[in-house]
Amino acid sequence: MDTPSPAKPDYRRAQFLTSAAKVHQCPPDEGWEVAFAGRSNAGKSSAINSLTHNRKLARTSKTPGRTQLINFFELSDCQRLVDLPGYGYAKVPEAVKKAWIKQLEGYLQQRQSLRGLVLLMDVRHPLQPFDEMMLGWAEAAGMPVHILLTKADKLKKGPAKASFLQVRSKVQSIDLPVSVQLFSALKHTGHEELIAVLDSWLTDESVYEDEAEVADSDDC
C-alpha cells in the first residue's frame, strides 16, 4: 500500500531530530526526506538556517568540515531535511575522509525515503570534483537534483548570472531532472524557488523550473 502524499511542510517549524555517525544509526527509513550535500565551504548549514528562519538550527562553524555527522531535522511526523557531512576542506586524516565518503554513499544508495538531493555549490567555484561525483551518482540512481549556487551576494549581478548560466548549460546533458538557482543565506534570497522544489519532493508534486503543476495533497 502506497504512503499518502503529505501536506506541504512549514519550514519554520523545523526541529532537530537526531544525528547519525553511520547509516544504521539513521531514523527509521520511512516517510519523505530531502538531503542537502556539498563541499565543506558551500554553506549547507547556513542555507538550512536561512530556509527555516532559525540561525541556531543547523550548526555552522568557522572551521569547514567540522561536522562529521548526518543530521536530521523534522518538519512533520513524515517529512525531514537532512544535512549531510561536508567534504573537501576538513583537516583530518585521509582515512577519516574515506570513512565519511563511505557513509555518505551508503546513505544515498540505501535510503528509500530520500526523494531528492539539494547539491550546494559556491557560486564562485561551481562543479568541483566532489560536485561531479555527486551528480554522477545521482544520474546512476535516477535521483532528481536541485543545484543551489550559494553565496550569490559575493558576486555582482552580472557575474552571478554568468555562473548560473554556465552551470545550467553543463548539467543539461545529464540524464535526470536537474534544476539550478542562485541563493544567498546572508541576504535571504532564493527561498521561493527552493521551497517550490522542496515542496514538490516532500509532497510528491511535479514542480520544476519550466513547468509548475501544483496538486492537492493529503495529510501524512
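The values are calculated or read from the model by the stated rules, or taken from the named source; none is laboratory data. All figures in this text were calculated on a predicted structure; none of them were measured in a lab. So basically every Cβ, Gly included, is an ideal-geometry build from the backbone, and we count neighbours across all protein chains shown.
Summary table
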| item | result |
| --- | --- |
| Some residue of segment 153-172 being in contact with a strand residue (DSSP E or B) (Cβ under 7 Å, 6 or more places away or on another chain) and on the phi > 0 side of the Ramachandran plot | no |
| Answer from Arg12, Arg55, Arg59, Arg66 - the residue that is modelled with pLDDT of 85 or more and either in a loop (DSSP other than H, G, I, E, B) or in contact with a Phe, Trp or Tyr (Cβ under 6 Å, 6 or more places away or on another chain) (or both) | Arg55 |
| Every residue from segment 123-145 that is surrounded by 20 or more Cβ atoms within 10 Å (Cβ to Cβ) and acidic (Asp, Glu) | Asp131 |
| Residue, farthest from the chain's Cα centre (by Cα), within segment 198-207, restricted to residues that are surrounded by 17 or more Cβ atoms within 10 Å (Cβ to Cβ) and not in a loop (DSSP other than H, G, I, E, B) | Val207 |
| Filter result for the condition that a residue is surrounded by 15 or more Cβ atoms within 10 Å (Cβ to Cβ), modelled with pLDDT of 90 or more and either not in a loop (DSSP other than H, G, I, E, B) or not aliphatic (A, V, I, L, M) (or both), over Asn41, Asn71 | Asn71 |
| Some residue of segment 149-167 being under 18 Å from Ala35 (Cβ atoms) and surrounded by fewer than 16 Cβ atoms within 10 Å (Cβ to Cβ) | no |
| Test: residue in segment 117-130 that is free of Cβ contacts under 8 Å to residues at least 60 places away in the same chain and out of contact with any Leu (no Cβ under 9 Å at 6 or more places or on another chain) | yes |
